[in-house]
1. Is there a residue in the range 183-191 that is within 30 Å of Gln19 (Cα to Cα), at pLDDT 95 or above and not polar (S, T, N, Q)?
2. Is it the case, given these coordinates, that Ala87 is among the hydrophobic types (A, V, I, L, M, F, W, C), in contact with a helix residue (DSSP H, G or I) (Cβ under 7 Å, 6 or more places away or on another chain), buried (at least 16 other Cβ atoms within 10 Å of the Cβ) and without any contact (Cβ under 8 Å) to a residue 12 or more places away in the chain?
3. Kindly indicate whether Asp49 is over 17 Å from the mean Cα position of the chain (by Cα), farther than 21 Å from Tyr104 by Cβ and part of a helix (DSSP H, G or I).
4. When the range 1-30 is examined, which residues are found to be part of a helix (DSSP H, G or I) and in contact (Cβ under 8 Å) with a residue 60 or more places away in the chain?
Amino acid sequence: MDEHTRKRIIAFTSQSVKQYGIRAVRMDIIARHTNVSKRTIYQVFATKDNLINTCLEAYSGRMQNRFQLIAYNNPDPLACLWETCKAYIENLYKGECIFWLDIYRHYQGIYLAINQIWWNELKKSIAACQSTHRIQASLDTDIFLRSFTELLYNARLAECAPEMLHYAASLMLKGVIVPQAGNKLNQSKSIVS
């Protein structure tokens, strides 16, 4: 199988999974929509789980590129943190609720892997803000991130509008920003007031 066909299979599978959930996406559907025989797909990926894990690896690579772009375009640590938060929210809306419920209930390893990708980047951004005295040094980052990501995830499952998640995220961040940085936060056009 050539690389172009392999990438088409991964792209189609990734999109289908985000739209319908892992359990609903079958190998025969993937084969039919990518014009590749089911047998060939199994020869390359061996199992549906291997194909899904390949999709997860591709996703991780895309997110790492995205994080680098966010950091490059936002040299200010607080702006970088906010852009990463917005990207996290946007990511929640790239998958339908059925996808998020499916991986949470039936594919915990995938749910945890996706969460870990974002957790690591958000934690890194918070540490950069703490090192520049923009976020409270005493903040327990793990507890904050658990609350932060669970709130936004649950709001997404409740089908709240993205604007509500942005507002909730901005309020949570304002609660941990030191007063001097808070003034900068309120003045910034890139952060929701």
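1. Looking through the range 183-191, none of the residues is within 30 Å of Gln19 (Cα to Cα), at pLDDT 95 or above and not polar (S, T, N, Q).
2. no
3. On the way: over 17 Å from the mean Cα position of the chain (by Cα): yes; farther than 21 Å from Tyr104 by Cβ: no; part of a helix (DSSP H, G or I): yes.
The answer is no for Asp49.
4. Here is the first cut: in the range 1-30, the ones part of a helix (DSSP H, G or I) are 3-20, 27-30.
Once the filter is applied, which keeps residues that are part of a helix (DSSP H, G or I) and in contact (Cβ under 8 Å) with a residue 60 or more places away in the chain, the range 1-30 yields Val17, Lys18, Gln19, Tyr20.
The values are calculated or read from the model by the stated rules, or taken from the named source; none is laboratory data. Bear in mind that the values here come from a model prediction, so they are computed numbers and not experimental data. A quick note on method: Cβ atoms are made from the backbone with ideal geometry, for glycine too, and the neighbour counts reach across all protein chains shown.
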